[in-house]
Amino acid sequence: MGGAHNLLPKIVAKSNYFVYRGYMALPAPIDANQISAIREFNRFYTARLGLLRKHHLDGDFSLTEARTLYEIGSRPAITASDLRHTLSLDRGYISRLLASLTRRKLIRQSTSPADAREKLLTLTSAGERTVATLNESSDRHISSILTTIEPQVREDLVSALKRAHDILNAPSRKTISIERLSEPSQTALEILEEYYQAVQVIKRDRPGDLESLLSEPTSAMWLARLEGEIVGCVVLRSLPSIPHAAECKRLYVRQSARGRRIATLLLDALENHARDLNLDWIYLDTYDDLKPAIALYEQRGYQRCERYNDNPQATLFMRKQL
């Protein structure tokens, strides 16, 4: 493909790697006047909207507390991780913030059935009343600002704000790489352990199993990296009980990295490798609660089949002809 200015994804196949990288155009030099203009507007609107006050809308909450309550009310059962990502807040700070709101009986935290380490956040009745009051106060505050603007200019303002939002909210093209593991590593063991915890796996690999797996000619493991950080994995394991077949195992993408087609890229790597081995079938097992994973498998052509192993946790079995 073209040079660094090419905006299309690029896939590169190597003997030990299957790499996906998203390229961006090289950024143009930033004009100092542009920086100055944005900083000037930032100073203006934070004061104009009252964002510098200790208490948001002269109420009982800071701006961050009010925004946190709003997000939880707008997205019931949002996880603490998703909330941290949405608000771009430090893990420790969001933890202390949620603990404070819980003590004040404004939110509830419950353990996610899909990941025991995750907390699902919902508003209490008192929290719902609080959010309703905050919304009413915010509406009155914005109305008081709009009344000072000529009616014909208000639409111009709204359009300009929407345009600014769209520009600033455009997704960045972060580099994603899918790397085939050539030998066991601590990071591979750590992401596998994270997977076990996330889906509460009962039948886990023992120490040394990864080394044995990588030494088998029809087995392999891939790691997904996002900007260099390992965020997912998948394993292809030999299936001696079925001729010309192997098994897809341990497909996992860390929640903070989801929505970037990383699971798809991991499966691409696994299936391409299986074709290189002249395998005919890929089998997998899962259980009914993992609906997003099941939907992904079905989209890729996996079809339900009879039980083929003794995994006590599995309730659904699928296979795909390559």
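Rule-based calculations on the coordinates, nothing more; no lab input. No experiment lies behind these values; they were computed from the predicted model shown. A quick note on method: Cβ atoms are made from the backbone with ideal geometry, for glycine too, and the neighbour counts reach across all protein chains shown.
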Neighbour-count ranking for Val231, Val131, Val253, Val201 (other C-beta within 10 angstrom, fewest to most) reads Val201, Val131, Val231, Val253
D (µm²/s, integer) via Stokes-Einstein for segment 32-168, Kirkwood Rh across alpha-carbon pairs, 37 °C, 0.692 mPa s: value 192
Amide H neighbours of Ile107 under 5 Å, at least 5 residues apart or on other chains, H built in the peptide plane: list them. Thr102, Thr124
Under 14 Å from the Cα of Lys54 - aspartates and glutamates, other chains or at least 8 residues apart: Glu65
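When all alpha-carbon pairs of segment 110-177 are counted, what percent fall beyond 21 Å?
When all Cα pairs of segment 110-177 are counted, 63 percent exceed 21 Å.
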Under the Debye formula (equal points on every Cα, no solvent term), log10 I(q)/I(0) of the chain at q = 0.07, 0.13 Å⁻¹: -0.43, -1.09
Over 28 Å between Cα atoms, which of Lys174/Lys249; Lys119/Lys291; Lys203/Lys291; Lys291/Lys320; Lys119/Lys320 qualify? Lys119/Lys320
When the convex hull of the C-alpha atoms of segment 238-322 is computed, what volume per residue in Å³ does it have? 94
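Which FRET efficiency value, to the nearest 0.05, do you get for Ala295 and Arg275 by plugging their Cβ-Cβ distance into 1/(1 + (r/R0)^6) with R0 = 25 Å?
Details: r = 23 Å, r/R0 = 0.93.
Efficiency computed from Cβ-Cβ geometry: 0.60.
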So what is Rg over Rh here for segment 176-321, counting just Cα atoms and using Kirkwood for Rh? 0.92
Treat each spin label as a single point 7 Å out from the Cα along the C-beta direction, and report the Tyr70 to Thr147 distance in nm. 2.1
